[in-house]
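Here is the structure we will look at.
The values are calculated or read from the model by the stated rules, or taken from the named source; none is laboratory data. The model shown is predicted, which means the values in this text are computed figures rather than measured ones. Cβ: placed from backbone, ideal geometry, glycine included. Neighbour counts: every protein chain shown. The area values use the complete protein model at the heavy-atom level, side chains included, leaving out ligands, DNA and RNA. Shrake-Rupley method; radii C 1.70, N 1.55, O 1.52, S 1.80 Å.
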Amino acid sequence: NTSMWHAVVPGAPDLLLLHERQPQRYPFLLESVAGHPQSGRWDILFADPQAALVGRDGCTQGPGAERASNDFFAALDRWVASAGEVLPPQPLPFVGGWFVLLGYEAGRWVEPRLRLPPSPHPLPDALAVRCTAAVIRDRAQGQIHLVAEQNSGQLDRLRSDLAALCNCGAPPDDAWRAEVMEQPAQHYLDGVERILDWLRAGDVFQVNLSRAWDARIPVTVSPAALYRRLRQTNPAPFAGLARWGDAAVLSSSPERLLHIERGMAQTRPM
């Protein structure tokens, strides 16, 4: 869309509260909880989700997908192209577009020779959701930017939802505890030995071996409450909460996957 409605309001409210009150309207939150010279300025709460492109177990459904066997990324390219002209680069990090969530299993569309097992969780392997509005917090200036693609009424509702936050405080942090189980050390050590064998054989040149942790929490704990606890105990420059259906993804990462600006791509893994 070549038009955009934009407003600036003072203050620095906790955008997690807005997500918590209306998760269907505000399903995706990205935050820079920890200060970072290149990423610590903006928080984005995506609003008004529309159509979605969903890829799972090799099947792709939604806008841009001509058939289920379509490559997810090719379908997304078609969908974006069909949206027409886009706004030129803006000083804001988001002025309408798509929220994209990619799981490791999305690699099946990058390297077709991979034989990946079915996804072990209820989330799609790849997801792109059209979002036509957002509430953006500028941590540097202490301001909130409201952006909307559709009309001024959409902007007014963002302003009204934000104003309603002034009348409510943060919910109490219940004294719940998580039961954490760490993968046996020997399982990890055996993996290291296998990787050394593969390196000596020339089958691989680098392997990122991780160690699984499982946690049990009370069923009454919401994703927002869990995320609130996570960002307190482990503030990170790339934090976020995404809700899709009955599932949620929580992020608390020091790594930048990809940043593109003025034709330059940047990645900063650990």
Checklist entry - Is at least one residue of region 163-178 surrounded by 10 or more Cβ atoms within 10 Å (Cβ to Cβ), assigned to a strand (DSSP E or B) and among the acidic types (Asp, Glu)? => result no
Checklist outcome for this item: Across region 98-124, the tally of residues that are closer than 19 Å to residue 80 by Cα and touching a residue at least 60 places away in the same chain (Cβ under 8 Å) stands at 2
Checklist entry - What number of residues within region 237-270 are more than 14 Å from the chain's Cα centre (by Cα), assigned to a strand (DSSP E or B) and either at pLDDT 95 or above or more than 25 Å from residue 47 (Cα to Cα) (or both)? => result 5
Next on the checklist: Give all pairs with beta carbons closer than 7 Å in which a residue from region 228-253 that is on the phi < 0 side of the Ramachandran plot and crowded, with 17+ Cβ neighbours inside 10 Å meets a residue that is in a helix (DSSP H, G or I) and hydrophobic (A, V, I, L, M, F, W, C); count only pairs at least 6 apart in sequence or on separate chains.
Outcome noted: 228/16; 241/224; 252/230
Checklist entry - Of the residues in region 59-110, how many are among the basic types (Lys, Arg) and open to solvent by less than 70 Å² (accessible area, probe 1.4 Å)? => result 1
Next on the checklist: If I filter region 201-208 for residues that are outside any loop (DSSP other than H, G, I, E, B) and open to solvent by 100 Å² or more (accessible area, probe 1.4 Å), do I get at least one hit?
Outcome noted: no
Checklist entry - Filter region 86-129 for residues that are assigned to a loop (DSSP other than H, G, I, E, B) and of a type in the set (A, V, I, L, M); which is nearest to the chain's Cα centre (by Cα)? => result 123
